[in-house]
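To start, the structure itself, in structure tokens.
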Amino acid sequence: MADILSLKSEVIFHWIAVGFYIMSTVAFAYSVSFKKHNALKHGVFFTLTGLIPHSIALGIRWNIAGHGPYMAKYEVLSSNAWMVILMFLLIGWNIPKIRSAGVVVVPLCFLMMTIGLFTNPEIRKLSPSLSGIWLVIHILFNKLAVGAILISLGASVLYLIKKGRARGEFFDKLPSLEVLDEYSYKFIGFGFIFWSITVVAGSIWANQAWGRYWGWDPIETWSLITWLLYGLYLHLRYFFKWQGSKSAWMLIVCFVFSVITIFIIPFIIESLHSQYFM
Amino acid sequence: MIFDKIKQFLISPKTTIVLILIVLIACVTGFFVPQITDKSPSFFELWKERSPYIFRIVDRLQLDRVYTSCWFLCLVVLIIASLGYSLYIQVKRIVKQGTKNRTQNSELRDQITDNDRDRIRTVFKKWRYHEHISANNKQQLVFLRNSIGKWGGIIFHLGLFLIIISAIFVLCFQKRGFVQLIEGDLFDGKENNLLVKNHGVFAGEFSAGFKTFLSAFRHNYWEGGDVKLLESEIIIVKDKKEVKKNLRINNPVSVNGVNIYQSNDYGYTLSFVLKKPSKKEIISHFNLDRAANMHEPAIGTTDFPETDYIFKMIFLPDINNKSFYLKNPILYLTALKSGNVVFDGLIIPGNSIKIKEDILYFSGVRYWSGLIFVENPGMSIAYIGFAIALLGTVVIFIFPYSEITVARDSLSNISINGITKKYHALFNEELAEIKKQLNNERGRINE
């Protein structure tokens, strides 16, 4: 009975968080559309406020489930959104110029959470293979990679917006095009590190669980495809000086592939990861 | 001449891009085209029947076995050659740079006084730069940050190189086998007793060098019936010494360089003794996989050795509670001989039934546990490669190398210029800020 009540309160906290993220999305969209720099502050405020009920909701769920929020779509999507929001706020606090990337980051998190909330919220128990430190590292760094990629995407989108209609006080207050491009590159660098750690930790975990570190499972294949694509992006940038718009568009392509790997393949194709996502 | 061309080809950026693209295409192909490792032979037979033309193309290009195809292996060899040679070139280049003296145009530069040097040093210290003592002289100061950053690319690619080498090692020398070990039974560690084998191309016969005895198998479930724990209690017998070990999923045991893994597969072993009228006794054990759901029975069909009987078995481990535990086992047996049903009924362990002129004694039920034996000499290389590659990515992106040279021209102006490996725009902003701070110090410097 107590668990059911807690689960209900967890859902309520989740929806409160969604409410704040909607307000935050509106504030960010308003700031970019109407070139109101002050609205960014409201956006950040609502995001920060939303993170509190979101954290409480995940905390309650963790407590009831007895494991971290990484089983089934409901938990995976919510905890991914939480990690991205947290990363965005921490980075925005450290680098205020990057806060405007919230116009991309927050709506995508809100979308992730909402999709998750419409799936089955039933608590799933862990199978014996889903344990150990390598699993924790694998999942944690996957979430960090999602965060870094989304923030990088935000910087790229801002770059394209600024380049498209570069006039106005709002855009003057944004970092220069070169710096936006560099931020996008920098966060992709972090994303690449985190993605690499995800793949490596996953491989070591697979070796411990099944005695092989690579089995060309659909998710393994797609994570390699995404990793190679980011590798391609980095090499094109380094060797062929793909910067600016070219680089921004390439990053959007990479992002699409990341979405396919993290959010589409595990949900539609039978694989070792199915029990974790389904 | 030709060698120069090959060398040039191996380190060309275009080659790198093309190689990445081909691996990408190979992975996408491997995902979309059904692979022989994932599908049954009957699937491919059906495919061949339905679309012979497409099947022939797929077969010729080895697209149904992408990752072990000749062209993919050639690609891997090319990647290794390209990575290896570019690593060599990069190391050579950095070592050369390290020993090269920084030159300067002394005509344009004044000497920096000791007093100025201290103040400049203070500014750079705030920005986490350290002095490059050997490059300093009276006219210039050189400051470096993240000297290791120069090695980032090399470290990362070295890690990648080792990972690929280990993958080749696995492909060539790995020995891997699956055993269905029955409780109270012994596996002699020999190749011919492996139920399923997956050895590398150049791997010899598997021989563990020890025997494995399964003393107990434990399993446990969550409320909904999902598996919570699978554990095999094994005894390793080697040189007349016995060592007891517990094996669980995610908790393998390593003996003599051979790793033993608990598989997800397990089930029930039904043991029978068939007594012929001639008093000959045939003992046989049949392994049934456990059902996916605890409300369903384990099912199997098999020939009874040395007889014409075919047994169709429907087995429930716990008729009362419908659990996976062997509590109240019961078997619904249909025995066929030459296509005719000769027995159809229930039988519980310890009971006998008469089938035609023979007596079948259901002697007992035990668990069997799936154990995977792996001998993989490349694993340690892979782990070292993982660690090095990760270190490399961290060095590349978190510790980018930057170098700033401070000099004073003939008009006593402080001039700074720098180079960096990454984030040039951000570095330019930093350089401007450092310049500002140096200019603030300038009044003090000129005093």
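The values are calculated or read from the model by the stated rules, or taken from the named source; none is laboratory data. Note that this is a predicted model, so its numbers are computed, not measured. Please note: Cβ atoms are built from the backbone with ideal geometry, for glycine as well, and neighbour counts cover all protein chains shown.
For the range B:355-386: of the residues being in contact with a strand residue (DSSP E or B) (Cβ under 7 Å, 6 or more places away or on another chain) and of a type in the set (Phe, Trp, Tyr), which is nearest to the other protein chains (Cβ to nearest Cβ)?
Among those residues, the one meeting the criterion is B:Phe373.
Tell me which residues, restricted to the range A:218-228, are without any contact (Cβ under 8 Å) to a residue 40 or more places away in the chain and facing chain B (nearest Cβ under 7 Å).
The answer is A:Thr221, A:Leu224, A:Ile225, A:Leu228.
Are any residues in the range B:148-189 under 30 Å from B:His285 (Cα atoms), surrounded by fewer than 21 Cβ atoms within 10 Å (Cβ to Cβ) and among the hydrophobic types (A, V, I, L, M, F, W, C), and if so, which ones?
B:Phe178, B:Ile182, B:Leu186
Could you tell me which numbered condition B:Thr122 fails, if it satisfies all but one of (1) more than 30 Å from B:Ser284 (Cα to Cα); (2) modelled with pLDDT of 90 or more?
B:Thr122 satisfies every listed condition except (2).
Does A:Ser258 satisfy the condition of being away from every other protein chain (no Cβ under 11 Å) and surrounded by 20 or more Cβ atoms within 10 Å (Cβ to Cβ)?
On the way: away from every other protein chain (no Cβ under 11 Å): yes; surrounded by 20 or more Cβ atoms within 10 Å (Cβ to Cβ): yes.
Taking the combined requirement at face value, the residue satisfies it.
Residues in the range A:131-181 that are hydrophobic (A, V, I, L, M, F, W, C) and under 18 Å from A:Lys97 (Cβ atoms): how many? Write out each step before concluding.
Residues of the range A:131-181 hydrophobic (A, V, I, L, M, F, W, C): A:133-137, A:139-141, A:144-146, A:148-151, A:153, A:155, A:157-158, A:160-161, A:166, A:170-171, A:174, A:177, A:179-180.
So of that shortlist, the ones also under 18 Å from A:Lys97 (Cβ atoms) come out as A:148, A:150-151, A:153, A:155, A:157-158, A:160-161, A:166, A:170-171, A:174, A:177, A:179-180.
So the count comes out to 16.
Report yes if B:Phe202 is hydrophobic (A, V, I, L, M, F, W, C), modelled with pLDDT under 95 and exposed (fewer than 15 other Cβ atoms within 10 Å of the Cβ), otherwise no. Steps first, answer last, please.
Values: hydrophobic (A, V, I, L, M, F, W, C): yes; modelled with pLDDT under 95: yes; exposed (fewer than 15 other Cβ atoms within 10 Å of the Cβ): yes.
Spelling it out, B:Phe202 is indeed hydrophobic (A, V, I, L, M, F, W, C), modelled with pLDDT under 95 and exposed (fewer than 15 other Cβ atoms within 10 Å of the Cβ).
Restricting attention to the range A:127-142, which residues are buried (at least 20 other Cβ atoms within 10 Å of the Cβ) and in a helix (DSSP H, G or I)?
A:Leu135, A:His138, A:Ile139, A:Phe141, A:Asn142
Take the residues in the range A:32-50 that are hydrophobic (A, V, I, L, M, F, W, C) and in a helix (DSSP H, G or I), then tell me which one is surrounded by the fewest Cβ atoms within 10 Å (Cβ to Cβ).
Pass one, the range A:32-50, residues hydrophobic (A, V, I, L, M, F, W, C): A:32, A:34, A:39-40, A:44-46, A:48.
Next, from what is left, pick out any that are in a helix (DSSP H, G or I): A:32, A:39-40, A:44-46, A:48.
Details: A:Val32: 24, A:Ala39: 19, A:Leu40: 23, A:Val44: 22, A:Phe45: 14, A:Phe46: 22, A:Leu48: 16.
Applying the filter and picking the extreme gives A:Phe45.
Which residue out of A:Trp62, A:Trp82 is closer than 15 Å to A:Val11 by Cα, touching a Gly at 6+ places or on another chain (Cβ under 9 Å) and not hydroxyl-bearing (Ser, Thr, Tyr)?
Numbers: A:Trp82 fails: touching a Gly at 6+ places or on another chain (Cβ under 9 Å).
A:Trp62 is the lone residue from the list that is closer than 15 Å to A:Val11 by Cα, touching a Gly at 6+ places or on another chain (Cβ under 9 Å) and not hydroxyl-bearing (Ser, Thr, Tyr).
How about the range A:218-257: which of its residues are outside any loop (DSSP other than H, G, I, E, B), modelled with pLDDT under 90 and closer than 16 Å to A:Phe187 by Cα?
A:Tyr238
For every residue, the table says whether it meets (1) of a type in the set (Val, Ile, Thr); (2) buried (at least 16 other Cβ atoms within 10 Å of the Cβ); (3) more than 27 Å from B:Leu316 (Cβ to Cβ); (4) touching a Ser or Thr at 6+ places or on another chain (Cβ under 8 Å).
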{"position": "B:Glu242", "(1), (2), (3), (4)": "no, no, yes, no"}
{"position": "B:Asn256", "(1), (2), (3), (4)": "no, no, yes, no"}
{"position": "B:Tyr261", "(1), (2), (3), (4)": "no, yes, yes, no"}
{"position": "B:Tyr266", "(1), (2), (3), (4)": "no, yes, no, yes"}
{"position": "B:Thr301", "(1), (2), (3), (4)": "yes, no, no, no"}
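Quick test for you: out of B:Ala389, B:Ala335, pick the one residue that is in a helix (DSSP H, G or I), at pLDDT 90 or above and surrounded by 14 or more Cβ atoms within 10 Å (Cβ to Cβ). Explain how you work it out, then say what you get.
On the way: B:Ala335 fails: in a helix (DSSP H, G or I).
Every option except B:Ala389 fails the conditions.
Given the criterion out of contact with any Gly (no Cβ under 7 Å at 6 or more places or on another chain) and either more than 18 Å from A:Leu89 (Cβ to Cβ) or not assigned by TED's automatic domain parsing to the domain that holds A:Ser79 (or both), identify the matching residue among A:Leu5, A:Leu48. Can you show your working first?
Numbers: A:Leu48 fails: either more than 18 Å from A:Leu89 (Cβ to Cβ) or not assigned by TED's automatic domain parsing to the domain that holds A:Ser79 (or both).
Matching residue, one of A:Leu5, A:Leu48: A:Leu5.
For the range A:202-217, how many residues are at the interface with another protein chain (Cβ under 9 Å from one of its Cβ atoms) and assigned to a helix (DSSP H, G or I)?
Of the residues in that region, 7 qualify.
Take the range B:233-271 and flag every residue that is within 12 Å of another protein chain (Cβ to nearest Cβ), in a strand (DSSP E or B) and not charged (D, E, K, R). Don't jump to the end; show me each part of the working.
We begin by selecting, within the range B:233-271, every residue within 12 Å of another protein chain (Cβ to nearest Cβ); these are B:247-254, B:258-266.
Filter once more, so that each one left must be in a strand (DSSP E or B): B:247-248, B:251, B:253-254, B:258-266.
Once the filter is applied, which keeps residues that are within 12 Å of another protein chain (Cβ to nearest Cβ), in a strand (DSSP E or B) and not charged (D, E, K, R), the range B:233-271 yields B:Leu247, B:Asn251, B:Val253, B:Ser254, B:Val258, B:Asn259, B:Ile260, B:Tyr261, B:Gln262, B:Ser263, B:Asn264, B:Tyr266.
Is it true that B:Glu296 is exposed (fewer than 14 other Cβ atoms within 10 Å of the Cβ) and either more than 16 Å from B:Val179 (Cα to Cα) or away from chain A (no Cβ under 12 Å) (or both)? Explain how you work it out, then say what you get.
Working: exposed (fewer than 14 other Cβ atoms within 10 Å of the Cβ): yes; either more than 16 Å from B:Val179 (Cα to Cα) or away from chain A (no Cβ under 12 Å) (or both): yes.
Yes: the conditions hold for B:Glu296.
Which of the following residues is out of contact with any His (no Cβ under 9 Å at 6 or more places or on another chain) and in contact (Cβ under 8 Å) with a residue 24 or more places away in the chain: B:Leu360, B:Leu316? Explain how you work it out, then say what you get.
Details: B:Leu316 fails: in contact (Cβ under 8 Å) with a residue 24 or more places away in the chain.
None of the other options fit; the residue is B:Leu360.
Output yes when any residue across the range A:139-151 is farther than 30 Å from A:Gln208 by Cα and not charged (D, E, K, R), and no when none is. Break it down into steps so the answer makes sense when it comes.
In the first step, residues of the range A:139-151 are kept if they are farther than 30 Å from A:Gln208 by Cα; the result is A:150-151.
Now restrict to residues that are not charged (D, E, K, R): A:150-151.
Yes, the conditions are met somewhere in the range A:139-151.
Would you please name the residue that is nearest to the other protein chains (Cβ to nearest Cβ), looking only at residues in the range A:95-126 that are surrounded by fewer than 20 Cβ atoms within 10 Å (Cβ to Cβ) and assigned to a loop (DSSP other than H, G, I, E, B)?
A:Lys125
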